[in-house]
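Okay, structure first, notes after.
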Amino acid sequence: MKQVLFVVLFLFCKMLSAQELIGTPTSLILVYNYPGANFYLELKGVEKMKTENQNVFIIDKKMVQIKILNKIKFIGNTKQNLTFVDFINEYVDWEKSYLEKTLSFNINSNIKCLKSVKGRDFAFWTYDMPINKQKETTDSSITTPTQKQMFVLTRIKDYMVGINSPLFEDNQFDLIKNYLITNIDGIIESDNEINVEELNKKMNKL
């Protein structure tokens, strides 16, 4: 049995959790209706499993975490209008500071702001994990340490929305990167509250 190590961020703040799920034969859809922000995110994948953490899923054998955070958590109550780049950098700097202070290591962080195929602004962010790179074998398992944490981050109104997957094997970097970037275009925003039942009928052609 192969065990994997996964670091879940936001250790000290409660994540927004008003999500509802819809499954289709080829995807998992997460629906969010927040004050002033209604949207859903479609993650491509045939094999889908929930975990003990409601924001973490196993999709086609990849561990995928969804993170949504109101800007108040990392910017405060400032009313200034931040550009997309400034908004994302505020979040990343805030998260980096917390990680370095709490876990006592200097993360090797890399971030690049890009535009998706459908024109959505997003950032691709990675940082290295400070652990032994060697696999440890016991009689019953192989523990594979996390090499990196990999993210795509975007903004919806006052919310930072991120999709995260850990990298366990170096040769999987491009595969995970492409998966994350592809799925950032699975975000669909709505001016009105999303009716989950109606969306389910539409996506599953019921």
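The values are calculated or read from the model by the stated rules, or taken from the named source; none is laboratory data. Only a predicted model underlies this, so the values are computations on that prediction, with no experimental measurement involved. Don't worry about glycine lacking a Cβ; one is built from the backbone with ideal geometry, like all the others, and counts go over all protein chains shown. Protein only, heavy atoms only, side chains kept; ligands, DNA and RNA dropped before computing areas. Shrake-Rupley method; radii C 1.70, N 1.55, O 1.52, S 1.80 Å.
Taking the residues in the range 97-119 that are closer than 22 Å to Phe74 by Cα and among the charged types (D, E, K, R) as candidates, determine which candidate is modelled with the highest pLDDT.
Lys112
For the condition more than 17 Å from the chain's Cα centre (by Cα), assigned to a strand (DSSP E or B) and closer than 25 Å to Leu175 by Cα, Gly23 qualifies.
The residues in the range 158-178 that are open to solvent by 30 Å² or more (accessible area, probe 1.4 Å), modelled with pLDDT of 95 or more and of a type outside the set (S, T, N, Q) can be counted, and the count is 4.
Scanning the range 26-42 for residues that are within 18 Å of Lys202 (Cα to Cα) and either open to solvent by 60 Å² or more (accessible area, probe 1.4 Å) or of a type in the set (Val, Ile, Thr) (or both) yields Thr26, Ile29, Val31. Just the residues that are surrounded by 16 or more Cβ atoms within 10 Å (Cβ to Cβ), within 16 Å of Gly36 (Cβ to Cβ) and hydrophobic (A, V, I, L, M, F, W, C), please, taken from the range 65-77. Ile68, Leu69, Ile75, listed by residue number. Taken over the range 173-203, the residue count meeting the criterion of being outside any loop (DSSP other than H, G, I, E, B) and under 19 Å from Lys112 (Cα atoms) is 12. Every condition in (1) part of a loop (DSSP other than H, G, I, E, B); (2) in contact (Cβ under 8 Å) with a residue 24 or more places away in the chain; (3) among the aliphatic types (A, V, I, L, M) holds for Leu206 except the one numbered (2). For the range 134-157, taking the residues that are open to solvent by less than 60 Å² (accessible area, probe 1.4 Å), touching a strand residue (DSSP E or B) at 6+ places or on another chain (Cβ under 6 Å) and outside any strand (DSSP E or B), the one that is modelled with the highest pLDDT is identified as Gln147. Would you confirm whether any residue within the range 78-89 is among the hydroxyl-bearing types (Ser, Thr, Tyr), farther than 26 Å from Glu193 by Cβ, in contact with a strand residue (DSSP E or B) (Cβ under 6 Å, 6 or more places away or on another chain) and open to solvent by less than 60 Å² (accessible area, probe 1.4 Å)? No, every residue in the range 78-89 fails to be among the hydroxyl-bearing types (Ser, Thr, Tyr), farther than 26 Å from Glu193 by Cβ, in contact with a strand residue (DSSP E or B) (Cβ under 6 Å, 6 or more places away or on another chain) and open to solvent by less than 60 Å² (accessible area, probe 1.4 Å).
Taking the criterion of being open to solvent by 70 Å² or more (accessible area, probe 1.4 Å), modelled with pLDDT under 95 and closer than 24 Å to Asp191 by Cα, would at least one residue in the range 43-64 satisfy it? No, every residue in the range 43-64 fails to be open to solvent by 70 Å² or more (accessible area, probe 1.4 Å), modelled with pLDDT under 95 and closer than 24 Å to Asp191 by Cα.
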